[in-house]
1. Considering amide H positions built from the backbone, and no H for Pro or chain starts, which residues 5 or more places from LYS230, or on another chain, come under 5 Å of its amide H?
2. Just ARG265, ARG304, ARG146 to compare: in a GNM of the chain, with alpha carbon springs under 10 Å, which one fluctuates most?
3. If you roll a 1.4 Å probe over the heavy atoms of the protein chains, what accessible area per residue do you get for region 224-332, in Å²?
4. Using a 1.4 angstrom probe with every protein chain in place, what is the largest-first accessible-area order of GLU289, GLU102, GLU278?
5. On the protein heavy atoms, probe 1.4 angstrom, tell me the percent of accessible surface of the chain carried by carbon and sulfur.
6. As a test of the formula, what do you get for the chain when each DSSP H run with n ≥ 4 contributes -39,500 (n - 2.57) and the sum is divided by the residue count, at 222 nm and rounded to the nearest 500 deg cm²/dmol?
7. Computed over the Cα atoms of the chain, what is the ratio Rg over Rh, Rh following Kirkwood?
8. How far apart, in nm, are two points set 7 Å out from the Cα along the Cα-to-Cβ line at ARG298 and at LYS258?
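The values are calculated or read from the model by the stated rules, or taken from the named source; none is laboratory data. These numbers were taken from a predicted model, which means no experiment stands behind them. In this analysis, Cβ positions are derived from the backbone assuming ideal geometry, glycine residues included, and neighbour counts consider all displayed protein chains. Accessible surface areas use protein heavy atoms only, side chains included; no ligands, DNA or RNA. Shrake-Rupley method; radii C 1.70, N 1.55, O 1.52, S 1.80 Å.
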Amino acid sequence: MLEIVTKKQLPKESIVFDTYWKFAAERQSVFYKRIESGIPPWTDDNVLRLFKFTNAYRASDRVSQFLIKEVIYDQVREPAEMVFRIILFKIFNKIDTWRKLEKYLGEISYSSYSFDAYDNALSAIKNNQPIYSGAYIMASGKSSYRFNYKHQNHLKLLESLLNDGFHHKLSEMTNMEQLYNELITYPTLGSFLAFQYAIDINYSELTSFSEMEFVKAGPGAIDGIRKCFKHKGEYSDEDVIRLMCDRQEMEFERLEIKFQTLWGRSLQLIDCQNLFCEVDKYSRVAHPEISGVSDRKRIKQKFRPTSLKSLEYFYPPKWNLNQKIFDHEQKR
């Protein structure tokens, strides 16, 4: 791919380009320091100390870890059950909502699913707290499913996936782009969510696609790309993300930065996409003179230090990381 796109006019880097790599390395360093030591601060970077940023690796984030450990790999499940659980969790993308549903309904299972039961449970939960995460903006789906409440339309979206045999189609797919293209045909799933859901499904054993196969730039990433480059040349946003992924070792070496990979796993396309989102936020403070598409000026969420020493990280077994993590823990 890189041999093809480098024949085009190259993007022109801005000052934020180097910040992208420095941020990635420092954020990953914070990740490891929080595991090793329960005592903050874990960085001298004032922006990282003050504000909340996701991890350099998407799968290391708290919500992704919960999805992998508690939703996907808690036990062996049939494909329909796995799709039901993954999409239900990701619709709300909120651990507390999942836990409250378990409290109301018992085990989250497609075999015992009924619209009324889940509607009643979610209605009761939302009377006391938000049921959706603020990380993603979910379209209401009312124009497609005609229910008054957002969660009701999303339950119908989930039903549509299963009724259409989406779980059977997965076994016939040969790459992540096919999975993305299938997901984006459903109401309320735009390009950003379809890509995110494809990544989440691919954490499971339902598919086994490389995270280097396909990427789709979300709105936050597009903002970050605009800040890292004065212009993109003839590159698409997705070309730029792939270029960053392909150049990572060279750029860290150029800047004399020691980047700690995820127990030997280099940054993947999804991680480089997410890093653009985070660098967009970081630059609002570090480079306030550089504007993105949205021209946002503030970072909303402050960082609240908590130790990760007690957390047991677990990644999709097909990545072959979990034994490395265990061996590392035994040496501590």
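1. Close amide H contacts, sequence-distant or interchain: LYS12, GLU13, SER14.
2. Checking each option, the largest mean-square fluctuation is seen for ARG304.
3. That works out to 56 Å² per residue.
4. The ordering from most to least exposed comes out as GLU289, GLU102, GLU278.
5. Looking at the chain in its full context, I get 49 percent from C and S.
6. Only helices count here, giving -15500 deg cm²/dmol.
7. Reported Rg/Rh (Cα atoms, Kirkwood Rh): 0.96.
8. Inter-label distance under the simple model: 3.9 nm.
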